[in-house]
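Inspection log for the structure reproduced underneath, given as structure tokens.
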Amino acid sequence: MIQEIQDTLIKYWGFDQLRPLQSEIIQSVLKKKDTLAVLSTGAGKSLCYQLPALLLPGVCLVVSPLIALMEDQLLELKTKGIKAMGLYGPMSEESLIQRLDNISYGNYKIVFIAPERLQNPIVNERLAQIELSFLAVDEAHCISKWGHDFRPSYRSIGTFRAQMDKLPILALTATATPKVIEGIHMNLLLDDVQEFIGPVARSALTIQRHYHVDKDLLLNITLKRNLQKCILIYVRSRSKAEKLSQQLKKESYDCSYYHAGLSPEEKSKRLKYFTTAAHPIMVCTSAFGMGIDRQDVRLVVHYDIPESLEQYYQEIGRAGRDQKSATAVLISEEEPISKFTETALALHPTVDQLYEIYKKLVGLFQIASGELPDQTYSLGLAESARKAGIKPREWYLGIRSLEKYGILQFGETNRKEWFITFEPSRFGSLDQADDDLLFRKLSKKFHESKSSTFRYRFSSSKMLRAAESAAKRAKIKLDSTTDIYTIHWTVPREDQLVKKLLRTHHQPYMELRQEHANKMQEFLENQSQCAMQLIAEHFGQQSEECGICDVCTRSSLKHEDLLRFCSTPRSFSDFISTFECSPQDIRSHLSELESEGLIGVTNEAKFYSR
């Protein structure tokens with residue numbers, strides 16, 4: 001069996017050896033044992049189900065909550081010549097049945113499926129007739145109410161597994177506290193499980209937490225110290241990713257940005273930049289990183305504070321996958337740290353706010369009580385948020401929450417639409433060949449929308465060219481938009497049932513967010529214990545001091561070095577630009593020197609040796 005594993009590894013992946021714990025996990029799966037694997041980001045979790053799927057008869061079913069990740073892995077498997085298929089995203093019943101037929105007769109080895117699909121009677125009936133090798137549950141922490149990304153739809157996996165005569169399970173996650181592991185065991189009905197839990201501590205990863213009133217100064221200093229390196233910069237919102245990228249370009253940095261709202265073409269373009277450029281800088285949201293196999297990321301910067309230690313650990317784990325030294329720097333102004341818990345919770349809608357978003361959404365699509373629409377709707381995010389009277393970010397997060405609770409499916413679309421400002425009386429003469437047809441089409445839309453500004457999708461490139469020509473002649477105003485999404489309702493409109501569902505699931509979720517925010521704030525404020533040790537303890541592991549984090553290297557800053565440096569008056573910015581330790585540590589040392597009368601401060605706030 002070991003030789004078969006080795007041969008398959010070389011044939012499809014081109015490797016001649018596995019990473020730590022991969023061999024043990026794969027052998028456990030091949031023995032049809034229930035298996036739990038907790039491996040840090042970059043440790044090769046996907047290989048742990050992909051390789052045994054090729055060696056076992058039948059189809060491996062992979063459950064994942066992330067459509068983007070499933071799409072990436074599906075594409076990667078196809079390039080390796082491995083037959084794989086996806087059962088996720090909105091699709092008609094006819095299309096679903098056709099795909100199930102293909103799985104039955106097409107010799108597929110791996111099928112990716114969204115957890116919501118496991119509740120579909122057609123899917124259950126057809127999968128029961130197919131030889132399944134085992135069930136791989138990716139992001140398994142989503143099944144536990146204690147997990148940082150709990151998804152109620154994951155609870156259907158245990159029921160599905162019981163219906164499939166206790167199909168063997170491989171549960172995979174990068175982040176699991178002891179409570180989360182207990183929840184995975186219970187909800188997946190694991191029996192005589194083989195556990196493989198990798199170490200949390202990363203010996204070559206330096207963690208630094210830098211707090212100062214000027215975040216941009218800290219970022220600029222950090223980037224200048226890491227020129228000619230592959231860098232990820234994480235932010236919390238799409239707009240911030242775009243703005244910060246533009247700001248860095250103005251400062252002559254070679255960078256790009258990435259978030260979930262980009263078109264597939266733009267995502268592909270930016271992904272190619274990151275994977276092929278020698279020293280790329282990618283400003284991104286949490287949407288970037290999963291499934292991105294670049295081993296030499298040397299620096300991960302958090303420009304915004306992550307929502308939880310789990311998210312933070314997962315994202316810094318993308319640095320130094322090649323086991324060489326790497327750095328994770330979290331930068332923040334000092335005030336947000338003391339108010340982090342308060343501001344973190346404000347990002348999520350309350351139960352009442354979420355119910356209001358639900359009511360606005362069913363009203364927008366004119367869905368009657370008891371109705372379950374069979375169509376997939378198109379939704380322009382900014383325009384619909386304006387009509388609902390809700391801020392776009394709150395609107396987006398609310399709809400995402402409704403998806404989390406299985407009320408709807410919310411997806412992106414390849415369709416491109418345009419915002420057009422058009423008034424028939426101001427169009428003027430029809431002096432170009434296609435002006436007449438364009439005028440008639442836009443006039444019809446103008447009267448339907450009862451507004452001079454409306455969203456429009458061109459049926460042909462010819463009409464788009466005509467509109468662009470009209471825009472150049474100031475007959476219309478034409479702006480492209482990429483915030484087009486699809487919504488497919490998965491339950492009938494039953495307002496009271498939805499309200500009960502939200503109170504049952506969303507209220508505990510908000511309490512959990514409070515707990516996660518508290519833990520994150522404790523990590524930010526604790527400047528007396530090794531940072532890596534704090535993270536290991538959070539995940540229930542003991543660890544030695546790392547020796548390289550901001551706390552462990554604090555003693556390396558000498559008073560005599562500071563005194564020598566300020567023999568000429570120096571600003572605080574001069575100190576943080578020169579000494580590679582945290583601004584708060586430098587400030588502490590300067591305060592000690594000032595209290596001892598060894599340094600003074602000028603009226604210009606510059607420090608000097610006495």
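Couple of notes before you dig in:
So that you can scan it fast, the table gives a plain yes or no per residue for (1) of a type in the set (Lys, Arg); (2) closer than 20 Å to CYS48 by Cα; (3) surrounded by 21 or more Cβ atoms within 10 Å (Cβ to Cβ):
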{"position": "LYS109", "(1), (2), (3)": "yes, yes, no"}
{"position": "ILE113", "(1), (2), (3)": "no, yes, yes"}
{"position": "ASP138", "(1), (2), (3)": "no, yes, yes"}
{"position": "CYS142", "(1), (2), (3)": "no, yes, yes"}
{"position": "LYS145", "(1), (2), (3)": "yes, no, no"}
{"position": "GLN163", "(1), (2), (3)": "no, no, no"}
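- Answer from SER237, SER256 - the residue that is closer than 19 Å to LEU299 by Cα, open to solvent by less than 60 Å² (accessible area, probe 1.4 Å), in contact with a helix residue (DSSP H, G or I) (Cβ under 9 Å, 6 or more places away or on another chain) and of a type in the set (S, T, N, Q): SER256
- GLN353 open to solvent by 50 Å² or more (accessible area, probe 1.4 Å) and either touching an Asp or Glu at 6+ places or on another chain (Cβ under 9 Å) or modelled with pLDDT under 90 (or both): yes
- Scanning region 529-543 for residues that are touching a residue at least 40 places away in the same chain (Cβ under 8 Å), farther than 17 Å from ALA326 by Cβ and not aromatic (Phe, Trp, Tyr) yields GLN533, ALA536, HIS538, GLY540, GLN541, SER543.
- Meets criteria (within 30 Å of LEU497 (Cα to Cα) and either surrounded by 14 or more Cβ atoms within 10 Å (Cβ to Cβ) or in contact with a Lys or Arg (Cβ under 7 Å, 6 or more places away or on another chain) (or both)) for LEU372: no
- When the residues of region 59-72 are filtered to those that are open to solvent by less than 20 Å² (accessible area, probe 1.4 Å) and closer than 23 Å to MET164 by Cβ, the one that is farthest from the chain's Cα centre (by Cα) is VAL59.
- Per-region count, region 551-572, residues closer than 13 Å to GLU604 by Cβ and in a helix (DSSP H, G or I): 1
- Checking GLN533 against (1) within 23 Å of the chain's Cα centre (by Cα); (2) buried (at least 16 other Cβ atoms within 10 Å of the Cβ); (3) within 30 Å of LEU309 (Cβ to Cβ); (4) polar (S, T, N, Q), the condition it does not meet: (1)
- Of residues in region 573-610 being acidic (Asp, Glu) and in a loop (DSSP other than H, G, I, E, B), the one least open to solvent (accessible area, probe 1.4 Å): GLU596
- The set of residues in region 295-320 that are open to solvent by 30 Å² or more (accessible area, probe 1.4 Å), modelled with pLDDT under 95 and either farther than 25 Å from PHE150 by Cβ or part of a strand (DSSP E or B) (or both) comprises GLN295, ASP296.
- Matching residues, region 2-31, being charged (D, E, K, R) and over 13 Å from CYS48 (Cβ atoms): GLU4, ASP7, LYS11, ASP16, LYS31
- Selection within region 269-294: residues that are part of a helix (DSSP H, G or I) and not basic (Lys, Arg). The member of this set that is most open to solvent (accessible area, probe 1.4 Å) is THR276.
- Condition met for LYS243 (among the basic types (Lys, Arg) and out of contact with any strand residue (DSSP E or B) (no Cβ under 7 Å at 6 or more places or on another chain)): yes
- Verdict on ARG426 being open to solvent by 60 Å² or more (accessible area, probe 1.4 Å), in contact (Cβ under 8 Å) with a residue 40 or more places away in the chain and out of contact with any Leu (no Cβ under 8 Å at 6 or more places or on another chain): yes
- A count restricted to region 394-415 and to residues that are over 14 Å from LEU354 (Cβ atoms) and open to solvent by 50 Å² or more (accessible area, probe 1.4 Å) stands at 3.
- Filter result (under 19 Å from ASP165 (Cα atoms), over 26 Å from the mean Cα position of the chain (by Cα) and not acidic (Asp, Glu)) within region 31-52: LYS31, LYS32, LYS33
- Among residues of region 250-265 that are farther than 17 Å from SER239 by Cα and among the charged types (D, E, K, R), those with a beta-carbon under 8 Å from a residue that is open to solvent by less than 60 Å² (accessible area, probe 1.4 Å) and at pLDDT 75 or above at least six positions away or on a different chain give the pairs GLU251/ASN220; ASP254/ALA277; ASP254/PRO280; ASP254/ILE281.
- Matching residues, region 473-507, being open to solvent by less than 60 Å² (accessible area, probe 1.4 Å) and part of a helix (DSSP H, G or I): ASP495, VAL498, LEU501, LEU502, HIS505, HIS506
- From the options SER443, SER378, SER425, residue that is in contact with a helix residue (DSSP H, G or I) (Cβ under 6 Å, 6 or more places away or on another chain), not in a loop (DSSP other than H, G, I, E, B) and not aromatic (Phe, Trp, Tyr): SER443
- In the condition set (1) within 23 Å of ARG155 (Cβ to Cβ); (2) surrounded by 14 or more Cβ atoms within 10 Å (Cβ to Cβ), ILE82 is compliant with all but (1).
- Some residue of region 22-34 being open to solvent by 20 Å² or more (accessible area, probe 1.4 Å), among the aliphatic types (A, V, I, L, M) and either farther than 26 Å from ASP296 by Cβ or in a helix (DSSP H, G or I) (or both): yes
- Which listed residue is touching a helix residue (DSSP H, G or I) at 6+ places or on another chain (Cβ under 8 Å) and open to solvent by 70 Å² or more (accessible area, probe 1.4 Å), from GLN521, GLN542: GLN542
The values are calculated or read from the model by the stated rules, or taken from the named source; none is laboratory data. The model shown is predicted, which means the values in this text are computed figures rather than measured ones. Here the Cβ is made from the backbone with ideal geometry for all residues, glycine too, and neighbour counts use every protein chain on show. Accessible surface is based on the protein model in full, side chains and every heavy atom, while ligands, DNA and RNA are left aside. Shrake-Rupley method; radii C 1.70, N 1.55, O 1.52, S 1.80 Å.
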